[in-house]
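Please treat every number below as a calculation from the coordinates, not as lab data. Nothing here was measured: the structure is a model prediction, and the numbers come from that model. Using ideal geometry, Cβ is built from the backbone for each residue, glycine included, and neighbour counts are taken over all protein chains shown.
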Amino acid sequence: MADQKAAARKAAFDRRKLAHNVDRGNSSAYLSEVLAGYRGVPVSGFLPIRTEIDPRPAMAEAAAHGPVAVPVILGPDRPLRFSRWEPDALLRDGPFGAQVPATDDFLVPEIVIVPLVAFTRSGGRLGYGGGFYDRTLEQLRGRRATLAIGFAYAAQEAKALPLEATDQPLDLIVTEYGIISPDRSGA
């Protein structure tokens, strides 16, 4: 399974890089549309690294109406925590090149915008391999309903992915071209 995941990641990274190279900076319009239906609900976005699609414009809009946070990695094999973020927040370097708020002000989101390497139309997600979002979504969903929105370039879609029982599904997928409601009938 590890070899299959590594091959799927490599292919998806290549597709993501190509999509990122032609991104004109307006890729979060559909994400803004989705979040507009949840004004005031605590949401976690992410601060993009490398060639990830950029959710910050949609996060800034959401922050005008309610709390927005970004993930903070506290250590290996631990779930993420989410620290309050504002568009002009002071940031510090976190693990893996991701920036995090300079001062931690943790909150519990009801909506988690999930970065990813690849996704399927059935809501499958392939991440970086650390299991952070899988552990976190499992924990959050064990407490209350939590909406997991995968945000990626359309080019990151895969027909199939090598998934495991511990991989948490996405409830919605948003790309620069539209909104995908996962079809779990064949999953």
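The table for this structure:
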read-out	value
Matching residues, the range 168-181, being surrounded by 20 or more Cβ atoms within 10 Å (Cβ to Cβ) and part of a loop (DSSP other than H, G, I, E, B)	Q168, L170, E176
Of all residues in the range 128-160 being touching a strand residue (DSSP E or B) at 6+ places or on another chain (Cβ under 8 Å), aromatic (F, W, Y) and not in a helix (DSSP H, G or I), the one that is surrounded by the most Cβ atoms within 10 Å (Cβ to Cβ)	F151
Candidate set from the range 75-117 (those that are in contact (Cβ under 8 Å) with a residue 40 or more places away in the chain and acidic (D, E)); member that is surrounded by the fewest Cβ atoms within 10 Å (Cβ to Cβ)	D77
Residue within the range 161-168 that is over 30 Å from G40 (Cβ atoms), in contact (Cβ under 8 Å) with a residue 12 or more places away in the chain and in contact with a Ser or Thr (Cβ under 7 Å, 6 or more places away or on another chain) present	yes
Of all residues making up the range 56-71, the number that are in contact with an Asp or Glu (Cβ under 9 Å, 6 or more places away or on another chain) and buried (at least 24 other Cβ atoms within 10 Å of the Cβ)	3
Any helices (runs of 4 or more DSSP H) falling wholly within the range 1-109 and containing at least 3 residues that are touching a Lys or Arg at 6+ places or on another chain (Cβ under 8 Å)	none
